[in-house]
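J.: Here's a structure for you.
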Number of protein chains: 4
Amino acid sequence: MSSSVRICLVGAGRAAKVHANSLVHHIPGGELSAIVDSSREALNATAELYGLEKRYLSLEDALVANDFDAVVITTPTFTHADLAVRAAKAGKHIFLEKPMALSLEECDAIIAAAHDNGVLLQLGFMRRFDPEFTAAAERIEAGDIGQPMMIKSLTHGPGLPPPWARDLTTSNGMLAEVNSHDWDTVRWLMGSDYERIYVEVANFKGDAHGVKTENFYDNALTSIRFKNGGLGSISGVCPCNYGYDARVEIVGEKGILQIGELKGQALVICTDRDQGLITPIYRTWPQRFEWGYIREMKHFVECVQAGIQPKVGGIDGRWAVAGVLAGTRSFLEARPVYLNEIMKDERN
Amino acid sequence: MSSSVRICLVGAGRAAKVHANSLVHHIPGGELSAIVDSSREALNATAELYGLEKRYLSLEDALVANDFDAVVITTPTFTHADLAVRAAKAGKHIFLEKPMALSLEECDAIIAAAHDNGVLLQLGFMRRFDPEFTAAAERIEAGDIGQPMMIKSLTHGPGLPPPWARDLTTSNGMLAEVNSHDWDTVRWLMGSDYERIYVEVANFKGDAHGVKTENFYDNALTSIRFKNGGLGSISGVCPCNYGYDARVEIVGEKGILQIGELKGQALVICTDRDQGLITPIYRTWPQRFEWGYIREMKHFVECVQAGIQPKVGGIDGRWAVAGVLAGTRSFLEARPVYLNEIMKDERN
Amino acid sequence: MSSSVRICLVGAGRAAKVHANSLVHHIPGGELSAIVDSSREALNATAELYGLEKRYLSLEDALVANDFDAVVITTPTFTHADLAVRAAKAGKHIFLEKPMALSLEECDAIIAAAHDNGVLLQLGFMRRFDPEFTAAAERIEAGDIGQPMMIKSLTHGPGLPPPWARDLTTSNGMLAEVNSHDWDTVRWLMGSDYERIYVEVANFKGDAHGVKTENFYDNALTSIRFKNGGLGSISGVCPCNYGYDARVEIVGEKGILQIGELKGQALVICTDRDQGLITPIYRTWPQRFEWGYIREMKHFVECVQAGIQPKVGGIDGRWAVAGVLAGTRSFLEARPVYLNEIMKDERN
Amino acid sequence: MSSSVRICLVGAGRAAKVHANSLVHHIPGGELSAIVDSSREALNATAELYGLEKRYLSLEDALVANDFDAVVITTPTFTHADLAVRAAKAGKHIFLEKPMALSLEECDAIIAAAHDNGVLLQLGFMRRFDPEFTAAAERIEAGDIGQPMMIKSLTHGPGLPPPWARDLTTSNGMLAEVNSHDWDTVRWLMGSDYERIYVEVANFKGDAHGVKTENFYDNALTSIRFKNGGLGSISGVCPCNYGYDARVEIVGEKGILQIGELKGQALVICTDRDQGLITPIYRTWPQRFEWGYIREMKHFVECVQAGIQPKVGGIDGRWAVAGVLAGTRSFLEARPVYLNEIMKDERN
C-alpha cells in the first residue's frame, strides 16, 4: 500500500471540518497532520475535534515545521492566491477550495506556481465526484442524450452568506460564492467553454437582513452562450430559506437528463390530508454531497500518492472565475459580456 | 349518433352524485331522467343539484312511471339484490355499485334475473377504467413483466364508515365495504381465481370512536393463494386518517409493476427545511378515480346503446363477494379458508 | 339551466379537435354547431368526426348563415386578427387560440373590436385552468411561499413545428409558437409585467431537418426582469424528441414551489436492472393538459351564458405577444430589450 | 483516541468483502488483521484484496495465533453456532451475520456462550443503521404517526440463492436467507413480538432453474399478528430478476410512513416518448445499504472499544429465527402457527 499523505489543513472553518472528517474517517491513505488558522479560537476548536496537536497561526509557521506533504486550503477566497503560491513554493501539493481566486491574474499566479514547483493542484469542485453527477457525465460521454444543447444548473442555499462573501469588493459576490460549482458543472457537462454571459440579479431580502452593501443581490439568473453554440442557465438564490438545493437539467439532441432532486431522503410521511405528504429536503451542502466530499479528497490523496494530475484543476477553477467576472460586469452594465473582454488568453 | 340512454338513479347519496356528475357533465349519451331514495330529504337534495323533477321514494314507484332505460344502484349493500332483481324484471339495464350483495345466493339471484330478462349488468369496479390501472393491465397482457407471481393491492380510506358498513351482520364489514375493489383488482390482474384465503384483522380505533359492534375491525390484512399458484395480498385500513390511498404492486416472472402513488398532484412546496417538502395527497376516492368514474359510466351507456355486455359484470362481483365471505370466515376461525368451502359452483 | 351556447369552430386542425372533443363530450352547455376551414379536406374530415353538417370554407360564409353564438379560432396566428375582428363585428363571442396575433397593432385591433361590439374574448391559455397550475396560483396568492423572486417555466415539444410556425416572418417563431404559454404563466404567477428581456437562441437540428429559414432556432433561453424586480426564465426546445414537457418552478421569499413533472402517469415498470425503472412520459400537449382544455372551454361557455368577462383575455394575450417581440429583437441584436421600446402603451 | 480493534474475518465471500471494505476504508478504529476460510482459493483471493497476510483455513488455527480482538462471521448459516461459540470461548467479541443460526437451540448456545465469556455480540442487521430506516424509527419513536397498526416489509433479490440457501434442510430457505432483515425490521418498528405467523409460498421459477429441492419456493408472503394486536406483512421474491428491492411501509393510528423506494439514484433520462423515463434501480444489496454496512461495523468497533453492548444482538437474531421457524411450519402445514408452539421461552 502507498505511504500516507500527510495533510495540513489551512483554514479551520466548516469546509475544513468536512475535509477533516473525510480524511480521518474515510481515507486511510490521508493523514491529518497539522492545522493552520489565524483565529486561535477556531484553530483550537477544530484541532480538538480531530486530536490534532500541530497547530499554527499562519501557513508560514507551518511551513517552518515542514512535516506534511500537502495543504487543503479552505480560507476565504481573497487569501487563496497568497496561500496557494506560498504552499507551491514550499513544494506542497494543493487542494484548493472554490472559488479559486478573485481575479484571473491570481489564478494565473497559482497555476504558474504549481507548475513551476512541480506540485499537484486540485480544485474543490466536489460535484465532479458526486455519484449522480459522475453517472450523468458518463451517460453524456456515451452519447445517451446526444450532443447537449441546453444545460441548466442551480444552487440555492438556505442562509445569508458572511459579509465578505456577499460584497463584490471582497469576493465577487454570490455568483462566485454560491454558484462556483454551477459554473464548473455547465462547462464540464456541455463540453465547451463560455463565449458570452448575461446576468440579471435581484435584491429581495437585503433590507430585511440589514445588508447595505453596494450591489448586493440575493437572486442571480445567468444566461450563457457556449462556444459550441449550446446554451446554459445558472440560477442562484441565497438565502433561499427552504433548504439546500442543487440540481441540473440537460437537454441534448436526443433527450433529456435530470441530475438530483429536491428530496433529501426516501422517506415519506403523511398524517393530515389537508397538509399532504412530507418528505425530507437536503438541509445543507455537506449532507447533499456527503459522498462527493469523501471521493474528491480520496482522489486528491490518490493523485498525490501516484504523482498524477487530479482530474479537476487550475484551468477549471480559472474558467469559473472568468465566468463570474464576465457575469458581474454583465449585470453592472446591463449587457451581455464576451469572455474575450475578460480573458486575453482563453487557455483550456 | 345513438339515442340517449335514460337513467334512473336509485340511491341519492355520495356515490349517486359522483355518477350523476359524470352523466350530466361528461357523457352526452346518458340522460339523467329520474331519481329514487327512501329518504325524502336526500332525494330532494340530490335532485335539486341536477334539476331532476322525477323523484320517487321507491324503485317500485319509479317503475310505474316507467320512463327510463336503466338504473344506477348506489344504495347500501343489503338492498342490492332486491332492487337489482326488481329492475331486471322490469327490463331495466343495471349499473350496480360494489359490493354486489351480501351473499352468493343474492349474487346468483341478480345474475339470473339479469340473464332471464335480457338486461345488461355492470358492476361498479371503476378501477378497471382508471387510466393507470388499464395501462397496467395492458402491459401485463402484453407480457411485459411476465406471468404475475405476487400481487398486492391496498385501499386505505380516511374516515370511519357508517354503522351499517362496519357491522358484519349488515354488510360483511370492511373487507367488503373498503376492499371490494382490491378483491376485483387482484383477481383481474393475476388472471386467476382465489383458491384459499387467510385474513388477520385488528381493531385499534374502535374504542376511541365508541364503536361497540361485535367483531369490528379497522385493519385487515388478507393473504390469497390463487388457483394458478400465484400469491395475493390485500390490505385495508379505515379510518386511516391520512387521506385516500389505493395502490397496487405486481411482481411477475420478469419484473415489477407499480400502479398509483400516494401523491395526489404534481405540486411540491417547501418553506422550512426542518419540515421538508410538502406534496398534496389524494383526499378522497372521487378525486383519485375522477377519470375512472367518468369512463365506467361512459362504458355502461355505450354498452346499453350497443346492446353488448359490459366488460365487468355479475361474475366479477360474485367472486369479490366470495372472497369477502371466505376472508371473514378465516379471521373468525383463525385459519385459511378454501373457496370451495364457500362456493359450490365456482363459475367464472 | 342556461341555454346552450352554439359554437362555430374556425379552423379544423389538431387544436380544433381538442376543443370539439371538450364541447361534445364534457360540456353540456356548449353545442358544436358549425365548422370553418379553407381546406375542404380538413373541413370534411373534422366535421365527420363530430357529425357536423354545417361546413364553410370561410368565416364570412358561416356568418351569412349566422346560426351560432361564438367562435373558437384555432387557425394559424397570422389569420387571427382578421378573423377575430370579423367575428366581433358580427357580434360573436370569441375564444382565440394563442399566440393572440403577430403584432401589438393586431392585438389592439382585436381588443378594440371585441370591446366596441360588446363581445367576450378569451385567450387559449389553458394552463390557467390546469388543476396543478391553479392550485399553485392559489398557494402563491395565499402567500404560502411569500413574494415570488424567481420563476422558471419551460415548454419542450417533441416534433418540428410546421414551416409557418418556425419562420420569423410568418409567426414570430418558436418564442411565440412554443413558449406562448410560458410568457403568460410567468407574468401571471409573478404578478408583475416584464420590464426587459434577454434571449439566447441556438439552432442544433435545423440542418438535419433541412430547415433553411433565416434565423431559425430550435432552442431558446429567455431571461426576464419584471417590473417588481423579480426574475424570470423561459426555455423552449422544439423538437426536443423525448416527449412533451411543461414545468414551472418558483422561488419565493419564503420557499419554493414546483408545478408539474416529467412523469406522465403513476406507473413504474422494471424488468432489467441494467436498464432501470421505466415510467411513462407525457407524449403530447392534449394529454398533459387534458383537464385544462376541458376546463378552459367550460369557462368560456359559462362566461358566455352569464355574460361575464373570461378570466384570461386580450390584455394577457397582448403581453405575451409583447414579450415575444422584445425577445426576438433581443436575440437579433444581442442585447437586452426593454418593453418600453416595444409598447408605447403598457396597459394592464 | 481508543486503541484499534483487531478483527479476524471468518468467511471470505461477498459479505466478508463488504465488511472488509468498511473496515479498511471507512473505520479508522477497526484494523483488519486476519482472515479465515476453509476454501484456500477464496481465502487467498480476498486476503490479496486487502493485503492480509494472516490467513487461516479454520477458526481454530486463527485462535491459536490469537492476535485479534474480534471476529466478523460471514460463513453459511449452518456454521454460525459452532464458530460463534468457539470465538466466545476464546474471548473474542462477535459480529455475526444474519440469519443467526438454524435453530433456537443454536441461538441459545451462542447467546449463552457470549454471556458466559463476557464477549459482545452484534447481529448483522444493517438496516438498523441505514439513514432512512433510523430516521423512520426516530419518527415512530417520537409518535409522529402514532401507534403502528400495520407494517409491511419486502426484500426482493435479483438472483437465485446458492443451493444451501434454498434448501430447507440446510438453511431454513428463503424466509431465512432473503427475509431475515424483514423479520427484524417489522419487530423493531412495530415495537412488539410476533404472536402468530401465516405464510403462503409459491414456486414459479424452480423448474426453469433446474431446482429439484423439496419444498423449494421463490415467492413467500408472510402475515404476522403481533402481541400488541398489530399486523405485519413480509414479502420475499428471489430471484426477482429486476434488481434489489427493500422497502417498508407503516400505517400508524395517525398516519403513514414509507421507507425507501425502487429508485436507486436521482437520475432521470428520456430519449423516447414511446419508452418513457428511465431511472436507475438499486442493483445490489451492498449498493442499497452502503451507509448501513459502514455504520453497523463502525458501531461494532465503537462498542468493542467502549465495552458496551451493541444495540442489536442475540435476542433480536433469535426472534428472527423463531419467526422463520414458525413461518416454515405454517406453509408446510397450511395453518397459522403460534410462536409459543416454537419457543418455550419468549425472552425479549
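The values are calculated or read from the model by the stated rules, or taken from the named source; none is laboratory data. Values in this document were obtained by computation on a predicted structure and should not be read as measured data. FYI the Cβ positions are ideal-geometry reconstructions off the backbone, even for glycines, and counts take in every protein chain you see.
J.: With D:Thr284, D:Thr279 as the choices, which residue is more than 10 Å from chain A (Cβ to nearest Cβ) and of a type in the set (S, T, N, Q)?
T.: Working: D:Thr279 fails: more than 10 Å from chain A (Cβ to nearest Cβ).
Of the residues listed, the single one that is more than 10 Å from chain A (Cβ to nearest Cβ) and of a type in the set (S, T, N, Q) is D:Thr284.
J.: In segment A:12-45, how many residues are under 21 Å from the mean Cα position of the chain (by Cα), of a type in the set (S, T, N, Q) and over 19 Å from A:His93 (Cβ atoms)?
T.: Qualifying residue count for the region: 1.
J.: Suppose we filter segment D:266-290 for residues that are of a type in the set (S, T, N, Q) and closer than 22 Å to A:Gln265 by Cβ; how many remain?
T.: Let us first name the residues in segment D:266-290 that are of a type in the set (S, T, N, Q), namely D:271, D:275, D:279, D:284, D:287.
Imposing the further condition that a residue be closer than 22 Å to A:Gln265 by Cβ reduces the set to D:279, D:284, D:287.
Adding up the residues that qualify gives 3.
J.: If you check A:Ile256 against the conditions, is it crowded, with 24+ Cβ neighbours inside 10 Å, within 26 Å of A:Asp130 (Cα to Cα) and at the interface with another protein chain (Cβ under 7 Å from one of its Cβ atoms)?
T.: Yes, satisfied.
J.: For B:Ser3, only one of the following conditions fails: (1) within 14 Å of chain C (Cβ to nearest Cβ); (2) touching a strand residue (DSSP E or B) at 6+ places or on another chain (Cβ under 7 Å). What is its number?
T.: (2)
J.: Of the residues that sit in segment B:101-116 and are outside any helix (DSSP H, G or I) and of a type in the set (A, V, I, L, M), which one is surrounded by the fewest Cβ atoms within 10 Å (Cβ to Cβ)?
T.: B:Leu102
J.: Does B:Asp218 count as over 24 Å from B:Pro280 (Cα atoms) and surrounded by fewer than 23 Cβ atoms within 10 Å (Cβ to Cβ)?
T.: Values: over 24 Å from B:Pro280 (Cα atoms): yes; surrounded by fewer than 23 Cβ atoms within 10 Å (Cβ to Cβ): no.
No; evaluated as a whole, the condition is false for this residue.
J.: Please count how many residues of segment B:149-179 are in a strand (DSSP E or B) and hydrophobic (A, V, I, L, M, F, W, C). Explain how you work it out, then say what you get.
T.: Taking segment B:149-179 first, the residues in a strand (DSSP E or B) are B:149-156.
So of that shortlist, the ones also hydrophobic (A, V, I, L, M, F, W, C) come out as B:149-151, B:154.
Selection size over segment B:149-179: 4.
J.: Of all residues in segment D:180-207, count the ones that are touching a helix residue (DSSP H, G or I) at 6+ places or on another chain (Cβ under 8 Å), among the basic types (Lys, Arg) and not in a helix (DSSP H, G or I).
T.: Qualifying residue count, segment D:180-207: 1.
J.: Somewhere in segment B:231-243, is a residue farther than 30 Å from B:Lys17 by Cα, more than 9 Å from chain C (Cβ to nearest Cβ) and either surrounded by fewer than 23 Cβ atoms within 10 Å (Cβ to Cβ) or aliphatic (A, V, I, L, M) (or both)?
T.: Here is the first cut: in segment B:231-243, the residues farther than 30 Å from B:Lys17 by Cα are B:231-233.
Filter once more, keeping what is more than 9 Å from chain C (Cβ to nearest Cβ): B:231-233.
Narrowing the set further to residues that are either surrounded by fewer than 23 Cβ atoms within 10 Å (Cβ to Cβ) or aliphatic (A, V, I, L, M) (or both) leaves B:231.
Yes: one or more hits.
J.: Would you confirm whether or not segment B:125-134 contains a residue that is under 16 Å from B:Ala246 (Cα atoms), of a type in the set (D, E, K, R), under 14 Å from the mean Cα position of the chain (by Cα) and not in a loop (DSSP other than H, G, I, E, B)?
T.: Yes, the conditions are met somewhere in segment B:125-134.
J.: Can you tell me which residue in segment C:259-276 is surrounded by the fewest Cβ atoms within 10 Å (Cβ to Cβ), limited to those that are free of Cβ contacts under 8 Å to residues at least 24 places away in the same chain and more than 9 Å from chain B (Cβ to nearest Cβ)? Lay out the reasoning, then the answer.
T.: Taking segment C:259-276 first, the residues free of Cβ contacts under 8 Å to residues at least 24 places away in the same chain are C:261-263, C:265-276.
Cutting the leftovers down to more than 9 Å from chain B (Cβ to nearest Cβ) gives us C:262, C:273-276.
On the way: C:Leu262: 23, C:Arg273: 21, C:Asp274: 8, C:Gln275: 16, C:Gly276: 24.
Across segment C:259-276, the extreme among qualifying residues is C:Asp274.
J.: So which residues in segment D:232-264 are within 19 Å of the chain's Cα centre (by Cα) and part of a loop (DSSP other than H, G, I, E, B), if there are any at all?
T.: Across segment D:232-264, the qualifying residues are D:Cys238, D:Pro239, D:Cys240, D:Gly243, D:Tyr244, D:Gly260.
J.: Also: What are the residues in segment C:330-348 that are charged (D, E, K, R) and within 14 Å of chain A (Cβ to nearest Cβ), if any?
T.: C:Glu333, C:Arg335, C:Glu341
J.: Among the residues that make up segment C:176-189, is at least one of them on the phi < 0 side of the Ramachandran plot, surrounded by fewer than 17 Cβ atoms within 10 Å (Cβ to Cβ) and among the basic types (Lys, Arg)?
T.: no
J.: Looking at segment C:217-227, is at least one residue farther than 23 Å from A:Ile197 by Cα and not in a strand (DSSP E or B)?
T.: No.
J.: Looking only at segment B:15-46, how many residues end up being without any contact (Cβ under 8 Å) to a residue 40 or more places away in the chain and more than 14 Å from chain C (Cβ to nearest Cβ)?
T.: Number satisfying all stated conditions: 15.
J.: So, in segment D:101-120, exactly how many residues are touching a helix residue (DSSP H, G or I) at 6+ places or on another chain (Cβ under 6 Å) and within 11 Å of D:Val85 (Cα to Cα)?
T.: 9
J.: Only one of C:Asp272, C:Asp316 is among the acidic types (Asp, Glu) and over 18 Å from the mean Cα position of the chain (by Cα); which?
T.: After ruling out the rest, the residue left standing is C:Asp272.
J.: If we scan segment C:295-313, do we find a residue that is within 14 Å of another protein chain (Cβ to nearest Cβ), more than 23 Å from C:Ala246 (Cβ to Cβ), of a type in the set (D, E, K, R) and part of a helix (DSSP H, G or I)?
T.: Yes: segment C:295-313 contains one or more residues that are within 14 Å of another protein chain (Cβ to nearest Cβ), more than 23 Å from C:Ala246 (Cβ to Cβ), of a type in the set (D, E, K, R) and part of a helix (DSSP H, G or I).
J.: Which of (1) in a strand (DSSP E or B); (2) within 11 Å of another protein chain (Cβ to nearest Cβ); (3) within 30 Å of B:Lys205 (Cβ to Cβ) is the odd one out, the single condition D:Gly146 does not satisfy?
T.: (1)
J.: Still on this model: Checking the conditions here, which among A:Phe78, A:Phe129, A:Phe133 is in contact with a helix residue (DSSP H, G or I) (Cβ under 8 Å, 6 or more places away or on another chain), buried (at least 23 other Cβ atoms within 10 Å of the Cβ) and either without any contact (Cβ under 8 Å) to a residue 12 or more places away in the chain or away from chain C (no Cβ under 14 Å) (or both)? Walk me through how you get there before you give the answer.
T.: On the way: A:Phe78 fails: buried (at least 23 other Cβ atoms within 10 Å of the Cβ); A:Phe129 fails: buried (at least 23 other Cβ atoms within 10 Å of the Cβ).
Just a single option satisfies the conditions, and that option is A:Phe133.
J.: For segment A:1-40, which positions are assigned to a helix (DSSP H, G or I), polar (S, T, N, Q) and in contact with a helix residue (DSSP H, G or I) (Cβ under 6 Å, 6 or more places away or on another chain)?
T.: Let us first name the residues in segment A:1-40 that are assigned to a helix (DSSP H, G or I), namely A:14-26, A:40.
Then drop every residue that is not polar (S, T, N, Q), which leaves A:21-22.
Selection gives A:Ser22 alone.
The rows are residues; the columns are (1) among the small types (Gly, Ala, Ser); (2) surrounded by 17 or more Cβ atoms within 10 Å (Cβ to Cβ); (3) modelled with pLDDT under 95.
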| residue | (1), (2), (3) |
| --- | --- |
| D:Ala65 | yes, no, yes |
| D:Thr74 | no, yes, no |
| D:Leu83 | no, yes, no |
| D:Gly91 | yes, no, no |
| D:Arg139 | no, yes, no |
| D:Gly146 | yes, no, no |
| D:His156 | no, yes, no |
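J.: When you go through A:Arg225, A:Arg196 one by one, which is the residue that is of a type in the set (D, E, K, R) and closer than 24 Å to A:Leu102 by Cβ?
T.: Answer to the check: A:Arg196.
J.: Moving on. Mind listing just one residue for me: the one in segment C:184-226 that is basic (Lys, Arg) and within 12 Å of chain A (Cβ to nearest Cβ) and, of those, nearest to A:Arg335 (Cα to Cα)?
T.: Ranking the candidates gives C:Arg196 first.
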